[in-house]
Amino acid sequence: MSAILPPSDRLWYKHPIDRVEGTWLAIALVWCLILFFMMVGWHIWGKQNLSTETYRTTPDKFMAKAQAVVDKYTVRTETDEKIPVVAPPPGSDVYLLGRLWSFWPILELEKGKTYRLHITAMDYNHGLSLQPANINIQLVPGFEHVVTVTPNQSGTYGLVCNEYCGIGHHRMVSRLYVK
Ligand code: CUA
């Protein structure tokens, strides 16, 4: 039998499984199971797999909460767009949103303190890539992700949108301070 001519016995599923084929099927199955359980393991022991909570939200609802924190804890503004720099108290809920084509506000966190970071997108899908920590999250409109973060290194981090979101995508960058 060859691949060029039609098989004499067309009922391929009635052919006995070759030993080599059976062995590979077994190897593939075992490997699938290993990878499946590693996904669980990565969440427990991995350093870059964030266990996020997700809630439904709307841009209005999210904006109201973010605005309240910005009104209360803004310490200064930065850049030509006068983006507020917010230094919320440790342990509190902090809000960060992405929209065409900026992040808002700029956060200033304290090293070693834990925050609940709420993130969303106001219009279309955006990305939130934290550099150089190489943490990468999607911002999805209609959904509020809550990430529990404890910055362990002080410095100025870069935020980059890494979901293509239109003509201004390349300049959708911001920063995050850890003191
Ligand atoms: Cu926002 Cu790309």
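The values are calculated or read from the model by the stated rules, or taken from the named source; none is laboratory data. Values in this document were obtained by computation on a predicted structure and should not be read as measured data. A quick note on method: Cβ atoms are made from the backbone with ideal geometry, for glycine too, and the neighbour counts reach across all protein chains shown. When the accessible area is computed, the model is the full protein with side chains, heavy atoms only, and any ligands, DNA or RNA have been set aside. Shrake-Rupley method; radii C 1.70, N 1.55, O 1.52, S 1.80 Å.
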Practice task
Would you mind stating whether Thr150 is of a type in the set (Ser, Thr, Tyr) and under 20 Å from Glu78 (Cβ atoms)?
Solution key: no
Exercise for the section: Name every residue in the range 1-16 that is small (Gly, Ala, Ser) and open to solvent by 100 Å² or more (accessible area, probe 1.4 Å), in order of residue number. Expected result: Ala3, Ser8
Completion exercise
Scanning the range 131-179 for residues that are closer than 19 Å to Pro84 by Cβ and β-branched (Val, Ile, Thr), the one surrounded by the most Cβ atoms within 10 Å (Cβ to Cβ) turns out to be Val178
Completion exercise
Those strands (runs of 3 or more DSSP E) completely within the range 73-117 that have 1 or more residues that are open to solvent by 70 Å² or more (accessible area, probe 1.4 Å), closer than 22 Å to Gln153 by Cα and touching a strand residue (DSSP E or B) at 6+ places or on another chain (Cβ under 9 Å) are 74-78
Fill in the blank from the handout: Across the range 111-128, the tally of residues that are within 10 Å of the ligand (Cβ to nearest atom) and not aromatic (Phe, Trp, Tyr) stands at 6
Practice task
For Leu128, indicate whether it is in contact (Cβ under 8 Å) with a residue 12 or more places away in the chain, outside any loop (DSSP other than H, G, I, E, B), open to solvent by less than 70 Å² (accessible area, probe 1.4 Å) and in contact with a Gly (Cβ under 7 Å, 6 or more places away or on another chain).
Solution key: yes
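Quick grid of which residues meet (1) of a type in the set (Ser, Thr, Tyr); (2) at pLDDT 95 or above:
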position: Thr79; (1), (2): yes, no
position: Ile83; (1), (2): no, no
position: Ala87; (1), (2): no, no
position: Pro90; (1), (2): no, no
position: Val94; (1), (2): no, yes
position: Leu100; (1), (2): no, no
position: His118; (1), (2): no, yes
position: Asn125; (1), (2): no, yes
Practice task
Scan the range 88-104 for residues that are more than 16 Å from the ligand (Cβ to nearest atom) and under 24 Å from Asn162 (Cα atoms) and jot them down.
Solution key: Val94, Tyr95
Practice task
For Gln138, state whether it is more than 10 Å from the ligand (Cβ to nearest atom) and either at positive phi or part of a strand (DSSP E or B) (or both).
Solution key: yes
Practice task
With the condition kept exactly as written, say whether any residue in the range 17-32 is surrounded by 11 or more Cβ atoms within 10 Å (Cβ to Cβ), among the β-branched types (Val, Ile, Thr), under 27 Å from the mean Cα position of the chain (by Cα) and modelled with pLDDT of 90 or more.
Solution key: no
